[in-house]
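Engineer: Dropping the structure in here first, questions after.
Derivation of every value follows stated rules applied to the coordinates shown; laboratory data play no part. Predicted, not measured: the structure shown is a model, and the values here were computed from it. Heads up, the Cβs are rebuilt from the backbone with ideal geometry, glycines too, and the neighbour counts pull from every protein chain shown.
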Amino acid sequence: MTFLAVGINYNTAPVSIRERLSFPTDILETSLQELWRIKEISEAAILSTCNRTEFYCTSSTANQQILIDWVAHNKQIKPEDFAPYLYTYTDSSVCRHIFRVACGLDSMVLGEPQILGQMKTAYQAAYDAGTLGKRLGKLFQHTFTAAKKVRTDTAIGSSPVSIAFAAVQLAQQIFDKLSEQTALLIGAGETIELAARHLSQQGIGRIIIANRTYDKAHQLASQFNGYAIALSELPMHLAEADIVISSTASQLPILGKGRVESALKIRKHKPMFMVDLAVPRDIEAEVEQLRDVYLYTVDDLQHTIDKNMNSRRLAAEQAEEIIDTQVDYFLAWLRGQSAQSTILDYRTQAELARDETLQKALILLNNGIPAEEALNRLAHSLTNKLIHTPSAQLRAAAENERHDLITAAREIFKLTTSK
């Protein structure tokens, strides 16, 4: 049985291809069961995110064409339209790949933590669909163990590498309790959405979202129990804000020195933390001159992000060493499974010999033979039964000069050299 993984990701395929090969939650169970019904497939799981789609299987063949044909049929796409973008892994390389993915080493943002949760979702979906077996299930469990060890033993996830996260982390350094602060976010794009999400996760007291289009502000604010305002209402609410994060596409500044100064007077000069993530800038540079304002630009944060990215790269080197060890552990378990059927057969054979010998001993006891004699006969008979076949095979091995079998037998039975 072979481990087989086939997939595409942000490195190998454009979004136009990735979106055609995505498997949303509502079709995942039926898709897994269809894949699992293929004769050559024993176990199956599908990981589908915005950046990758990967199929993990145990199969009687390492031929990726089985999966290509199934995907083409399932998605009604010609194989030649997506096959050039695929990568394939088999056996031990599957283990290494899935470990690296779960640890964020194969992600667009090195070390990002979301992928582990997505991997756990893929595992649960396959479990619920009944397409996991012992080997693939164990691989996933070992994957989670490896990812946890990397997170625990390295600093790969400890340093922010997104502008939005860096801004929120800086706010945490300035304010003791975000739960007592109000954040005003200007804009409604991806960066502001990320900032809102990070602030919400850190327990921000209140979120106000201002945008030129009120409906977009309201749509975003509703996700985080926030309050939406139109950009024209900004002067009326600026004084409420302890934290201001701005990221719009405006070609002219949205906040000038005078407007911020007026807000500070209303706040009785209570400090205001401001982050301008826009290029061109949303907040006039002169605002930095105000004594009660801490103003940071995207360049200020970029230095932190670059430094943190270098830290993650160093951590990634440590993570690769951990993964090497974890792959070895899993492969050792896998090799052990190849002997499992032999161990079970050997145990069954021994138990049959035991039961047969015990039955004869009971008959002897019922016929009035003394217990001590019956036990001696049982021990002698059982010993003969257990060693007869191995002894015959060892003699045959010697006659055929199979010294390797004799050496193996001594190792298996841990025999010491007789005098």
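Engineer: If the only charges are +1 at each Lys and Arg Cβ and -1 at each Asp and Glu Cβ, what is the size of the charge dipole of segment 344-412 around the Cα centre, to the nearest 20 debye?
Structural biologist: 100 debye
Engineer: Restricting to Cα pairs below 8 Å that are 6+ residues apart, what does the relative contact order work out to for the chain? Please round to a whole percent.
Structural biologist: 12 percent
Engineer: Below 8 Å between Cα atoms, with a sequence gap of 6+, how large is the relative contact order for segment 344-412 in percent?
Structural biologist: Reported as a whole number, the value is 25 percent.
Engineer: Mind checking which lysines have their C-alpha under 24 Å from K39, skipping anything on the same chain fewer than 8 residues away?
Structural biologist: Straight-distance partners of K39: K75, K78, K134, K138.
Engineer: May I pose another question? Using +1 at the C-beta of Lys and Arg and -1 at the C-beta of Asp and Glu, which of H97, S341, G189 has the Cα lying farthest in the positive direction of the dipole of the chain?
Structural biologist: The residue sitting most towards the positive pole is S341.
Engineer: Between A72 and R135, what's the calculated FRET efficiency when r is the beta-carbon distance and R0 is 30 Å? Round to 0.05.
Structural biologist: With a Förster radius of 30 Å, E is 0.70.
Engineer: Between A409 and D328, how many nm apart are label points set 7 Å from Cα along the C-beta direction?
Structural biologist: Inter-label distance under the simple model: 3.4 nm.
Engineer: Something else about it: Lysines within cross-link reach of K360: Cα-Cα under 23 Å, excluding same-chain residues under 8 positions apart?
Structural biologist: K385
Engineer: First select every other residue whose beta carbon is under 12 angstrom from the beta carbon of G226; then total the charges, Lys and Arg +1, Asp and Glu -1.
Structural biologist: Its environment carries a net charge of +1.
Engineer: Testing the spin-label approximation: label points 7 Å from Cα along Cα→Cβ at E233 and R313. State their distance in nm.
Structural biologist: It works out to 4.6 nm between the two label points.
Engineer: Oh, and also: Going down the table (K216/K270; K120/K149; K120/K148; K177/K216), which pairs top 19 Å between alpha carbons?
Structural biologist: From the list (K216/K270; K120/K149; K120/K148; K177/K216), the Cα-Cα distance tops 19 Å for K216/K270; K177/K216.
Engineer: Return the percentage of antiparallel bridges among DSSP beta bridges fully within the chain, rounded to the nearest 5 %. Mind dumping the intermediate values first?
Structural biologist: Details: 19 of 42 bridges.
Restricted to the chain, the bridges split so that about 45 percent are antiparallel.
Engineer: All other residues with a Cβ under 13 Å from the Cβ of V161 taken together, and with Lys, Arg as +1 and Asp, Glu as -1, what is their net charge?
Structural biologist: Combined, the nearby Lys, Arg, Asp and Glu give +1.
Engineer: So what is the orientation-averaged projected area of segment 236-355, using the convex hull of its C-alpha atoms, in nm²? It would help to have the intermediate numbers written out before the result.
Structural biologist: Numbers: hull surface 62.3 nm².
One quarter of the hull surface, i.e. the mean projection, equals 15.6 nm².
Engineer: How large is the helix-only mean residue ellipticity at 222 nm for the chain, computed as the sum of -39500 (n - 2.57) over DSSP H runs with n ≥ 4, divided by its residue count, in deg cm²/dmol to the nearest 500?
Structural biologist: Numbers: 16 runs with 231 residues, N = 419.
Counting only the DSSP helices, I get -18000 deg cm²/dmol.
Engineer: I need the peptides 96-102, 387-393, 118-124 ranked by packing, meaning the mean over residues of other C-beta atoms within 10 angstrom, with the highest value on top.
Structural biologist: Peptide ranking by packing, descending: 96-102, 118-124, 387-393.
Engineer: Please report the relative contact order for segment 182-313, taking Cα pairs under 8 Å with a sequence separation of at least 6, and give it as a percent rounded to a whole number.
Structural biologist: On the way: 224 pairs, mean separation 27.9, N = 132.
It comes to 21 percent, rounded to a whole number.
Engineer: Highest mean first, how do 253-263, 46-56 rank when packing is the count of other Cβ atoms within 10 Å averaged over residues?
Structural biologist: The packing order, highest mean first, is 46-56, 253-263.
Engineer: In addition: Starting from the Cα-Cα distance between S341 and A396, subtract it from 0.36 nm times their residue separation and give me the gain in nm to one decimal.
Structural biologist: Net length gain for the segment: 17.4 nm.
Engineer: Identify which of the listed values of Rg/Rh (Cα atoms, Kirkwood Rh) was calculated from the structure shown: [x] 0.97; [y] 1.01; [z] 1.22.
Structural biologist: The value computed from this structure is option [z].
Engineer: Right, something else. Among residues other than L344 whose Cβ falls under 14 Å from its Cβ, what is the net charge (Lys/Arg +1, Asp/Glu -1)?
Structural biologist: Taking every other residue near L344 into account, the sum is 0.
Engineer: Follow-up. Points 7 angstrom from Cα along the Cβ direction at K216 and Q302: gap in nanometres?
Structural biologist: 2.3 nm
Engineer: At 0.36 nm per residue, minus the direct Cα-Cα distance, what do I38 and Q65 gain on full extension? Give it in nm, one decimal, please.
Structural biologist: Contour length minus the Cα-Cα distance gives 8.5 nm.
Engineer: Given the Cα-Cα distance of I369 and V279 and 0.36 nm per residue of separation, how much length would full extension add, in nm? Walk me through the numbers on the way to the answer.
Structural biologist: Working: separation 90, 0.36 × 90 = 32.40 nm, distance 10.03 nm.
Length difference between fully extended and current span is 22.4 nm.
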